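Input: a single structure, listed below in structure tokens.
The values are calculated or read from the model by the stated rules, or taken from the named source; none is laboratory data. Note that this is a predicted model, so its numbers are computed, not measured. Please note: Cβ atoms are built from the backbone with ideal geometry, for glycine as well, and neighbour counts cover all protein chains shown. Side chains are part of the model used for accessible areas, which takes the heavy atoms of the whole protein and leaves out ligands, DNA and RNA. Shrake-Rupley method; radii C 1.70, N 1.55, O 1.52, S 1.80 Å.
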Amino acid sequence: MKELFYRLFVERKEKYWWMNLLVPVTSIVIALIVGAIFIWSTGRDPFLAYKLLFNASGLVPGPYWKSSFTEMLLSSSLFIATGLAFAIAARSGLFSIGAEGQFTVGAITAAYFGYAKPFAALPTIIHLTIILLMVMLAGGLWGFVAGYLRAKKGINEVIVTIMLNWIAFHLIEGWLVTGPMAADVSTGVISGTPSVSPTARLPIILHNTRLNIGILIMIAVIIIIWFLLYKTTFGFEIRAMGHTAVWGMEASRVQGININKRIMQVMLISGAIAALGGSFITLGINFHYPPVADSGYGFDGIAVALIGQNEPFGILFSGILIGALRTGATAVQIAHIPKTFPSIIEGLIVAFIALQELIRYLLFKLVKTKRTAQTEGGLTQ
Amino acid sequence: MEALAVKNIVKKFPNVLANDNVSLSIEKGEIFAIVGENGAGKSTLMKIVYGLYTPNSGEIFVFGNKEDIKNSHDAIKLKIGMVHQEFMLIPRFTVTENIVLGDEPKKGVVFDYKRAVLEVKELSEKFGLKINPTEKVENLSVGIQQRVEILKILRRGAEILILDEPTAVLTPQETEELFKTLNALKQNGKTIIFISHKLGEVMEIADRVAVMRRGKVQGVVNKPDTSEKELAKMMVGRDVVLEVPQVKVEKGKVVFSVSGLTVKNTRGIIGLKNVSFEVYSGEIVGIAGVEGNGQAELVNAILGFLKPINGKIYMGMEEMKFITPYNMRTRGMSYITEDRKRRGLVLPFKARENVIMGQHSLYPFSNKGILNNQAIDEFVTKKLEEFDVRPPNGYIKAESFSGGNQQKIILAREMSMKHSFLLASQPTRGLDVGATEFVYKILVEEKKKSKGVLLISLELSEIMGLSDRILVLYGGEIVGEVMPSETTEEEIGLMMLGLKRKERVEQ
């Protein structure tokens, strides 16, 4: 088991490799404790709140577990997508905050190819394949624009991705959804785009729930990205780029890595993954693009990537964690706590993750004093 | 009178015994040099004295009193000051602001800048360290920045000054200036501890020299009683051969050439003017010159980091149209850099990853884009042993190796790449004698293997000893081309300062 763990996550052959797991876990625990202090200071019962939160989150078995668990996985798959999109860019030294725009581009593309007439009659498997390919293409293109401008013109990707987010937002919600892609309102059924055809819905994997193959696709993507990062020359190069992204560090370029090409490729991949997440919300949850989309997944992805330490498998767990917090959010209202409270915990976790060097230092100190105490104890015996 | 004494200092790091029972005694008013290879424990010892490390055991005496130095505040109180290798100055602040930072003269609660400027002026006059107190530090050369650092610790009343490899970042002229400063400080009765591995400098400036090797003091000698050779032997533990035996190799084809190269540097100034030369296989072409006379522009143009405004670069007979490191390397260029940390290595990467970088996409290291870890490990183990990297463990991060071993990792990579031309830019900068000897050996081997080598160096002795042909750069121009056998260091020195020109010798 340890061996498997080791090979899956770490691949580092470091002495204190487990620190990379322990640090985020400690951050989460501290965040929960601080969150408890917040609740307690308002005169409410922190234990009750956490009990309600976790019971409804799908993380622990309890009443209605099946439904909360599946709902949790459903939203986790979206967070994992945007988290991975941020992480792969971050690993190559790019700070892409464009997952938000790529996510919505993915969602609208899925809606269009989901209802468009020539495709609607195709069998599910072919229809879905076409949709997902088009989604990744559209999202990839959205990311590629930022990559291209960065590589060829040296324009900062942070600015370009922010602007692309707004372009996507206004293009879709200001024009497409109310204009060319709007559903026929006279039927009076829905607003936004028309519903996708039944053949475009992601197949359900657990009967009587909304859980679909989206989470399986996301797990496959995680494995692919992990393989890409650690087992291929492509990943080797982008990790080298990430390590030398600080100003003045030129080692990866000097050693002959074609940085500009890699930047464009990475942004393409990043955009494709975020868009894939966006398609899941259309094909698995809303079944159309609503007039006003429930957004924010792109920015939450940054938090997910941070908590997951930009490691593909770390993001699997952080995605599940954030998904669980969001799923359990409504339940805390029973303890007279606003349902936005889990967002506070999320923020606290990110804050403590940002302090990870300090936590790492303190943990190391703890380990060391324990070790010395042990050896000294051994000497006296 | 004894200014500083350390007795039986022991400092253990995980896996390393950095200081092994070190005892030294330093007199007031002397310049005391500590020499040793990288990783010999010199810096560790000084950091202990300055309170940055706590020793596992041992005692420190300052002006005869036993002291317990817990942190640098304690050290400053005891009138110990240290100038680190990396300066700790704020570029946007003026000289005065940097010097008084942390101990500002005040008018009530307000910072009294005028008085601070006066204080700095007085200080600089007292010690003869010329400086413009109102200049911003970012506009100063490295040598002057160092002077600011020295003034800063003098203002805190330092009587014992520790300088950790102060000349590593300086040009020869700046080094001269520094030595004048140090002598002036000595006249003022200050005690100076000078850490270095450049033996020539130590012989020039120090009164006494302590040699450290592997955490132990090998001996303390008076300068008049010793020689560079003896010091080198004590440092490395064996005779060091820095004189390279002359090897004659038949000159072959042109492997690299530039013609009419004119380059603007990042500040928009023309740094290289109409430079043309060829490098033949089987020869080492040395480029001599004082730093800042076009060396950086030349290297950056060859790498494609600066686009030449005029001129051409050829690999073999092929004109390079799109110059990128990738294109140059695929045409057969290897590159040893002086800036190991920024250009040579991906520091958080393991040694194994650094060794294969650049050839990672070739068989057997990868096949169809998928890395073959077994082949990489086999290759890296072999290379680390061949190049005597210590420790020979490919799974240690590059940043954890000492400078000399980092350079060996770079050599292992660059030499194992298929190449016909080697660009060696100050390949021994910051290296100790042992590692320098190793680099020389590699360069001569390259020549024997009929590669063309372009050696850019600031060390004249290095250029004289290794090159078959010497080009002298001054103000971005080649002001002379000489054969080492037909010239003297003095003649090249004059050309380096722009006082003499010499026409090209006929090929």
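The table below lists the values:
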item: Residue list for the range B:302-319, restricted to those being in a strand (DSSP E or B) and within 14 Å of chain A (Cβ to nearest Cβ); result: B:Met315
item: Qualifying positions in the range B:468-501 - in a loop (DSSP other than H, G, I, E, B), over 26 Å from the mean Cα position of the chain (by Cα) and at pLDDT 90 or above; result: B:Met483
item: The range A:62-87 - residue that is under 8 Å from the mean Cα position of the chain (by Cα) and hydroxyl-bearing (Ser, Thr, Tyr) and, of those, nearest to A:Ile302 (Cα to Cα); result: A:Thr82
item: Flag if B:Ser400 is free of Cβ contacts under 8 Å to residues at least 12 places away in the same chain, open to solvent by 30 Å² or more (accessible area, probe 1.4 Å) and not charged (D, E, K, R); result: yes
item: Residue match in the range A:296-304 (condition: in contact (Cβ under 8 Å) with a residue 24 or more places away in the chain, among the aromatic types (Phe, Trp, Tyr), assigned to a helix (DSSP H, G or I) and more than 14 Å from chain B (Cβ to nearest Cβ)); result: yes
item: The range B:360-382 - residue that is closer than 28 Å to B:Val433 by Cβ and out of contact with any helix residue (DSSP H, G or I) (no Cβ under 7 Å at 6 or more places or on another chain) and, of those, least open to solvent (accessible area, probe 1.4 Å); result: B:Thr381
item: Scan of the range A:146-161 for residues that are in contact (Cβ under 8 Å) with a residue 40 or more places away in the chain and open to solvent by less than 70 Å² (accessible area, probe 1.4 Å), ordered by number; result: A:Ala146, A:Gly147, A:Ala151, A:Glu157, A:Val158, A:Val160, A:Thr161
item: Pairs with Cβ under 7 Å, 6+ apart, first in the range A:342-360 and in a helix (DSSP H, G or I), second open to solvent by 40 Å² or more (accessible area, probe 1.4 Å) and charged (D, E, K, R); result: A:Pro342/A:Arg326
item: Lone unmet requirement of (1) farther than 13 Å from A:Ile269 by Cβ; (2) over 18 Å from the mean Cα position of the chain (by Cα) for A:Ala107; result: (2)
item: Matching entry among B:Glu385, B:Glu414, B:Glu462 (being at pLDDT 90 or above, open to solvent by less than 20 Å² (accessible area, probe 1.4 Å) and in a helix (DSSP H, G or I)); result: B:Glu414
item: The range B:335-349, subset part of a loop (DSSP other than H, G, I, E, B) and under 16 Å from B:Glu414 (Cα atoms), residue farthest from the other protein chains (Cβ to nearest Cβ); result: B:Glu338
item: Residue, surrounded by the most Cβ atoms within 10 Å (Cβ to Cβ), within the range A:93-145, restricted to residues that are touching a residue at least 40 places away in the same chain (Cβ under 8 Å) and among the polar types (S, T, N, Q); result: A:Gln102
item: Boolean, B:Lys273 is free of Cβ contacts under 8 Å to residues at least 60 places away in the same chain and among the basic types (Lys, Arg); result: no
item: Test for B:Thr266: is it β-branched (Val, Ile, Thr), closer than 22 Å to B:Thr324 by Cα and assigned to a loop (DSSP other than H, G, I, E, B); result: yes
item: Test: residue in the range B:285-296 that is within 29 Å of the chain's Cα centre (by Cα), under 23 Å from B:Glu445 (Cβ atoms) and either within 9 Å of another protein chain (Cβ to nearest Cβ) or not hydrophobic (A, V, I, L, M, F, W, C) (or both); result: yes
item: Test: residue in the range B:319-327 that is surrounded by 22 or more Cβ atoms within 10 Å (Cβ to Cβ), over 19 Å from B:Ser457 (Cβ atoms) and in contact (Cβ under 8 Å) with a residue 60 or more places away in the chain; result: no
item: The listed residue being over 30 Å from A:Pro194 (Cβ atoms) and either at pLDDT 95 or above or not acidic (Asp, Glu) (or both), out of A:Leu133, A:Leu52; result: A:Leu52
item: Residue match in the range A:282-295 (condition: touching a Gly at 6+ places or on another chain (Cβ under 7 Å), of a type in the set (S, T, N, Q) and touching a residue at least 40 places away in the same chain (Cβ under 8 Å)); result: yes
item: Residues of the range A:222-245 that turn out to be in a loop (DSSP other than H, G, I, E, B) and either basic (Lys, Arg) or more than 9 Å from chain B (Cβ to nearest Cβ) (or both), as a count; result: 1
item: Residues of the range A:246-266 satisfying the condition of being among the aliphatic types (A, V, I, L, M), within 8 Å of chain B (Cβ to nearest Cβ) and surrounded by 22 or more Cβ atoms within 10 Å (Cβ to Cβ); result: A:Ala251, A:Val254, A:Ile257
item: Boolean, B:Leu423 is assigned to a helix (DSSP H, G or I), buried (at least 21 other Cβ atoms within 10 Å of the Cβ) and of a type in the set (A, V, I, L, M); result: no
item: Boolean, A:Ile204 is open to solvent by 60 Å² or more (accessible area, probe 1.4 Å), within 14 Å of another protein chain (Cβ to nearest Cβ) and of a type outside the set (D, E, K, R); result: no
item: Scope the range B:198-244; condition small (Gly, Ala, Ser) and surrounded by fewer than 18 Cβ atoms within 10 Å (Cβ to Cβ); matching residues; result: B:Gly200, B:Gly219, B:Ser227, B:Gly237
item: Test: residue in the range B:48-55 that is under 20 Å from B:Gln85 (Cβ atoms), hydrophobic (A, V, I, L, M, F, W, C) and at pLDDT 90 or above; result: yes
item: Wholly within the range B:44-83, strands (runs of 3 or more DSSP E) carrying at least 2 residues that are within 25 Å of B:Arg155 (Cβ to Cβ) and under 26 Å from the mean Cα position of the chain (by Cα); result: B:80-83
item: Residue in the range B:350-359 that is within 10 Å of chain A (Cβ to nearest Cβ), open to solvent by 10 Å² or more (accessible area, probe 1.4 Å) and of a type in the set (A, V, I, L, M) present; result: no
item: Some residue of the range B:83-102 being in the same structural domain as B:Ile153 (by TED's automatic domain parsing), among the small types (Gly, Ala, Ser) and open to solvent by 70 Å² or more (accessible area, probe 1.4 Å); result: no
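Residues are listed down the side, and each one gets a yes or a no for (1) over 30 Å from B:Glu37 (Cα atoms); (2) within 14 Å of another protein chain (Cβ to nearest Cβ):
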position	(1), (2)
B:Thr226	no, no
B:Met234	no, no
B:Lys248	yes, no
B:Gly271	yes, no
B:Asn300	yes, yes
B:Ile323	yes, yes
B:Arg329	yes, yes
B:Met333	yes, yes
